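Below is one structure, written out as structure tokens; comments come after it.
The values are calculated or read from the model by the stated rules, or taken from the named source; none is laboratory data. Since the model is a prediction, treat every value here as computed from it, not as a measurement. We place every Cβ from the backbone using ideal geometry, glycine too, and count neighbours over all the protein chains shown. For the accessible areas, the whole protein counts, side chains as well, though only heavy atoms, and no ligand, DNA or RNA atoms are used. Shrake-Rupley method; radii C 1.70, N 1.55, O 1.52, S 1.80 Å.
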Amino acid sequence: ALRELTQRSNTRGFLMAGVFIGLLVLLGVAFVLATQQALVLASVVLFFCYATVHAFLINGFHELVHGTVFRSKWLNQTFLVLFSFLFWGNPHYFRESHMRHHLYTLHPPDDLEVRLPVVFSPKDVIRTGIIDVGLLWRIPFWTFRTALGRLDYSDTEWNEICFPQESVEKRRELFRFARFLIVGHIGLTVGFVVAGWWQIPLLVSLAYPFGRWLHILCNTTQHAGLQEDTTDFRLSARSFLLSPLVEFLYWHMNYHIEHHMYASVPCYNLRKLNRLLRHDLPEPPRGLWRTWKHIFAVLRRQSREPDYVFVPEIPGQL
């Protein structure tokens with residue numbers, strides 16, 4: 001069954017990546033048309049919907065870095081560059097960091113991509129879910145700094161682990177891609193603004209800090225309140241159930257235990273994998289509301305008891 005589930009498909013890849021990009025294009029065109037007709041309220045609503053979908057580009061980027069979306073490597077690489085550009089992602093940095101996250105999941109200091117305990121509250125969703133003002137300047141600043149050949153100063157320890165001084169070629173690839181992002185976004189912005197199409201830079205280069213509310217609610221679930229220093233992914237990762245639309249936008253990462261157990265399984269096969277493993281997994285919460293009701297209860301207790309970690313009920317174990 002695992003051999004079958006690890007098979008990659010160009011058709012399934014196009015259905016995931018192509019439909020996702022198609023949805024962005026559809027909402028983007030609708031936004032441009034609304035602005036041309038001076039429909040202010042419609043323009044705001046359409047841009048917010050576009051930004052809400054745009055925020056999930058990082059999950060597609062994540063899957064493409066894993067190399068599991070398409071059977072053909074060139075298709076995977078082509079879409080990886082596209083997704084990276086659209087949200088200012090650097091695949092060379094993420095690949096080095098995320099490889100260690102999977103090898104040493106929540107075993108610091110070998111995995112510092114995710115750090116526990118997670119500090120999160122409903123105020124954080126409100127503060128950053130509509131527009132994350134800090135992110136508006138941090139992303140271009142970090143990218144520009146990397147383009148100059150400097151690693152992000154905010155996490156020196158992790159950067160040195162991922163890109164030690166002797167990794168000269170890896171650092172060059174990282175810096176080159178950052179330069180591509182800077183030159184590409186500046187060129188696109190100047191060109192379209194001069195041509196009178198100010199909407200395009202807004203959609204392509206400046207959408208990343210807006211409409212992140214749904215992505216935050218989905219993505220923060222992955223390890224919040226769970227255990228570190230364990231080899232059992234059922235104790236360190238969380239799976240939960242979503243509606244088909246949100247699960248699609250989230251690139252099926254709600255099956256996060258399954259993803260960590262078998263990272264070579266394409267995201268579009270994770271639901272099938274879940275059915276095969278369900279008898280041996282904790283009962284998944286249904287929907288974001290129930291999932292976050294549980295997570296907030298755990299985080300509140302952790303704020304009172306710093307050593308507390310939630311231990312899910314594992315089938316067959318007392």
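For the chain, the longest principal axis of the C-alpha atoms and the axis of helix 40-54 are separated by about 50°. Ranking 20, 253, 108 by Cα position along the charge dipole of the chain, where only Lys, Arg, Asp and Glu carry charges on their C-beta atoms, puts 20 farthest toward the positive end.
Between amide H atoms placed 1.01 Å from N, distances below 5 Å from residue 239 occur with 256, 257, all of them 5 or more places distant or on a separate chain. The protection proxy used here, the mean number of other Cβ atoms lying within 10 Å of each residue, ranks peptides 44-50, 251-257 as follows, highest first: 251-257, 44-50.
Between the helical axis of 91-103 and the longest alpha-carbon principal axis of the chain there is an angle of about 0 degrees. Sorting the segments 166-172, 197-203, 285-291 by their residues' average number of neighbouring beta-carbon atoms within 10 angstrom, most packed first, yields 197-203, 285-291, 166-172. Between residue 230 and residue 245, the modelled labels are 3.5 nm apart [label points 7 Å from Cα along Cα→Cβ].
For the chain, what does the helix formula give at 222 nm: sum of -39500 (n - 2.57) over DSSP H segments with n ≥ 4, over the residue count, nearest 500 deg cm²/dmol? Rounded to the nearest 500, it is -18000 deg cm²/dmol. If R0 is 35 Å, the Cβ-Cβ spacing of residue 262 and residue 161 corresponds to a FRET efficiency of close to 0.90. Going through (1) -1.16; (2) -1.30; (3) -1.42, the figure that equals log10 I(q)/I(0) by the Debye sum over Cα atoms at q = 0.15 Å⁻¹ as computed for the structure here is (3). Given in Å, the Rg to one decimal and the Dmax to the nearest whole number for the Cα atoms of the range 159-215 are 16.1, 47.
Computed in the context of the full set of protein chains, the accessible area of the chain at 1.4 Å probe radius has 64% of its extent on carbon or sulfur. In a reduced charge model with +1 at each Lys and Arg Cβ and -1 at each Asp and Glu Cβ, the chain shows a dipole moment near 760 debye about its Cα centre.
Excluding ligands, DNA and RNA, the accessible surface per residue across the range 119-194 is 62 Å² with a 1.4 Å probe.
Across the range 210-227, the residues whose backbone nitrogen lies under 16 Å from the label position 7 Å along the beta-carbon direction of residue 188 are 210.
Between 0 and 90 degrees, the angle of helix 19-36 with respect to the longest Cα principal axis of the chain falls at about 40 degrees. Once the Cα-Cα distance is subtracted from the 0.36 nm per residue extended length, the residue 44 to residue 135 segment shows a gain of 30.8 nm.
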